[in-house]
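Visitor: Okay, here's the structure, questions in a sec.
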Amino acid sequence: MTTRAEAIRFLEESGCAPNVIEHCKEVASLAVEIAEKAKAAGMEVDLELVEAGALLHDAGRCRTHEIAHAVEGFRLATSRRIEPEVAEIIKRHIGAGISKEEAKELGLPEDDYFPRSLEEKIVAHADNLVKGTKRITAQDRLELMRKKNVSEDVIQRIKRLAEEVEKISH
């Protein structure tokens, strides 16, 4: 599994800005905390996979800060032979996922971007709870999205992911 040091070096060598790297470190810290709670609650969760995926979730931001950063990060990780499970976390971390239809509308490759594994869900949720390097609540995230006129369907999807992950990690 990609180690913390290898992941950070990957981000640096890919040209990610220092603020992006700091964001990734904070998301990883929170994701590991959530994963440890889920594990303590009896869930099967791969802590190393959660950390590697969270550290690399925004690798694509070295190429774009648009929604396509998830696809760019996935391509970058795949080309650098990062574990497929980590690459999938990168691809599926945006919000609480994107359907094939939404992907097409957004100009992304037509694919399903919903987080499926517990590790993918934990990283997507942790990312929603970190703005820059500051931790925020799920409610704060939903309010920020409403201010940006994000559709209520997407907001409810984020809310359901938060409820699901919080339920299994308590």
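Visitor: If r is the Cβ-Cβ distance from residue 104 to residue 66 and R0 is 22 Å, what FRET efficiency results, to the nearest 0.05? Don't skip to the answer; put the middle values down first.
Guide: Working: r = 15 Å, r/R0 = 0.70.
Plugging the Cβ-Cβ distance into 1/(1 + (r/R0)^6) gives 0.90.
Visitor: Follow-up. Compute the distance from the alpha-carbon center of region 21-69 to that of region 104-138, in whole Å.
Guide: If you average the Cα positions of each part, the centres end up 10 Å apart.
Visitor: Which value, in debye to the nearest 20, gives the size of the charge dipole of region 4-169 about its Cα centre, when Lys and Arg are +1 and Asp and Glu are -1 at the Cβ?
Guide: Working: 27 positive and 33 negative charges, 86 e Å.
Value, rounded to 20: 420 debye.
Visitor: Ok, one more. Counting pairs of Cα atoms in region 4-169, how many percent are more than 21 Å apart?
Guide: 41 percent
Visitor: Quick one: with all protein chains in place, what share of the accessible area of region 4-169 is carbon or sulfur, to the nearest percent (1.4 Å probe)? Walk me through the numbers on the way to the answer.
Guide: On the way: 4000 of 8360 Å².
The nonpolar share, carbon plus sulfur, comes to 48 percent.
Visitor: Provide the per residue accessible area, probe 1.4 Å, for region 52-143, rounded to a whole number of square angstrom. Please report the intermediate quantities before stating the final value.
Guide: Details: 4090 Å² over 92 residues.
Counting only protein heavy atoms, the per-residue value for region 52-143 is 44 Å².
Visitor: Using a/c under 1.5 as the rounded threshold, could you call region 74-125 rounded, prolate or oblate? The axes a ≥ b ≥ c are square roots of the C-alpha gyration tensor eigenvalues, and prolate needs a/b larger than b/c, oblate otherwise.
Guide: oblate
Visitor: Please list 135-142, 149-156 highest first by mean number of surrounding beta-carbon atoms within 10 Å per residue. All intermediate terms of the calculation are to be shown ahead of the outcome.
Guide: Values: 135-142: 14.6, 149-156: 11.9.
Per-residue mean Cβ counts within 10 Å order the peptides as 135-142, 149-156.
Visitor: Could the peptides 116-128, 97-109 be put in order, highest first, of the mean number of other beta-carbon atoms found within 10 Å of their residues? All intermediate terms of the calculation are to be shown ahead of the outcome.
Guide: Numbers: 116-128: 24.4, 97-109: 15.5.
Put in order of decreasing packing, that is 116-128, 97-109.
Visitor: I would also like to ask the following. For region 111-170, just say rounded, prolate or oblate: build the C-alpha gyration tensor, square-root its eigenvalues into a ≥ b ≥ c, call rounded for a/c under 1.5, and beyond that prolate if a/b exceeds b/c, oblate if not.
Guide: Values: a/c = 1.62, a/b = 1.21, b/c = 1.34.
Cα axes put region 111-170 in the oblate bin.
Visitor: Still on this model: Once every DSSP H run of n ≥ 4 in the chain is given -39500 (n - 2.57) and the sum is divided by its residues, what mean residue ellipticity at 222 nm do you get, rounded to the nearest 500 deg cm²/dmol?
Guide: Values: 9 runs with 108 residues, N = 170.
Only helices count here, giving -19500 deg cm²/dmol.
Visitor: Would you count, across region 28-157, every pair of lysines whose alpha carbons are under 26 angstrom apart, provided the pair is eight or more residues apart or spans two chains?
Guide: Lysine pairs meeting both conditions in region 28-157 amount to 29.
The values are calculated or read from the model by the stated rules, or taken from the named source; none is laboratory data. All values reported here derive from a predicted model rather than from experimental measurement. Don't worry about glycine lacking a Cβ; one is built from the backbone with ideal geometry, like all the others, and counts go over all protein chains shown. These area figures cover heavy atoms from the full protein model, side chains too; ligands, DNA and RNA do not enter into them. Shrake-Rupley method; radii C 1.70, N 1.55, O 1.52, S 1.80 Å.
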